[in-house]
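One structure is given here, and the rest of the page talks about it.
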Amino acid sequence: GPGRLPAAAGEEGPLEGGPPDHSYSLSSGTTSEELLRKLNEQRDIIALLEVKMKEMKGSIRRLRLAEAQLREEIREKDRLLHAASAGTRKRHGL
């Protein structure tokens, strides 16, 4: 059909008269009820994937914020250590 992706090299698909090459491939005798069922299954899968993508985007956003906070904490501790070591060197005349 117009929505079907081209078969990979060496792969036989329904267009060449071979067996369906994937679970989502359809034979020529597929009924409209089967088509509707497969379509609804694919829509359900897409909806679940969209939910997972949104969850992952939220996780990535939280991780980036946590990373930025940790980097800021490291910079602050480095500044304190640098200031402390500079003060120690001055007291000991180094």
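Data table
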read-out: Percent carbon-and-sulfur accessible area, segment 30-93, ignoring ligands, DNA and RNA, probe 1.4 Å; value: 62 percent
read-out: D_trans [Stokes-Einstein, Kirkwood Rh over alpha-carbon pairs] for segment 30-93, 20 °C, 1.002 mPa s, µm² s⁻¹; value: 129 µm²/s
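The values are calculated or read from the model by the stated rules, or taken from the named source; none is laboratory data. For clarity, every value in this text was computed on a predicted model and none was experimentally measured. Quick note on the areas: whole protein, heavy atoms, side chains included, nothing else; ligands and nucleic acids left out. Shrake-Rupley method; radii C 1.70, N 1.55, O 1.52, S 1.80 Å.
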